[in-house]
Amino acid sequence: MKYARPLVVIAQGDAKEILSKAKGSFFANEDPKDIARAFDEAMSLKEKDHFGLNNKSYFEENFTLSKLTHLLVEELIVDKK
């Protein structure tokens, strides 16, 4: 996500939810044919840069060290109240 590239992902649960929000991933299940389909879809897409930039923007807005530190401090302060 940090490097502005689209992703081909086999994920479930929280990982899939987070990557779906970024709008820069192609999802597949564990079946090799489905993985190949996801790669074909990613490689044929003309807006690869747009998908990659979506990932980078989402990463910068939600997962930088300063953002995560801020969220952790907020949680610690709320827990003390």
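The values are calculated or read from the model by the stated rules, or taken from the named source; none is laboratory data. Treat the numbers as computed from the prediction; the structure is a model and nothing was measured. Quick reminder, even Gly has a Cβ in these numbers, built from the backbone with ideal geometry, and neighbours come from all protein chains shown. Side chains included, ligands, DNA and RNA excluded: accessible areas come from the protein's heavy atoms. Shrake-Rupley method; radii C 1.70, N 1.55, O 1.52, S 1.80 Å.
Descriptive notes on the structure:
- The chain, accessible surface, carbon-and-sulfur percent (1.4 angstrom probe): 58
- Ignoring the sites themselves, the chain has its longest run without GluC sites (Glu not before Pro) in a DSSP loop having at most 13 other Cβ atoms within 10 Å at 48-81.
- Nearest-20 debye value, the chain charge dipole, Cβ charges on Lys, Arg, Asp, Glu: 220
- Computing Rg and the Kirkwood Rh from the Cα coordinates of the chain gives a ratio, Rg/Rh, of 1.13.
- Å² per residue, accessible surface of the range 32-81 at 1.4 Å: 83
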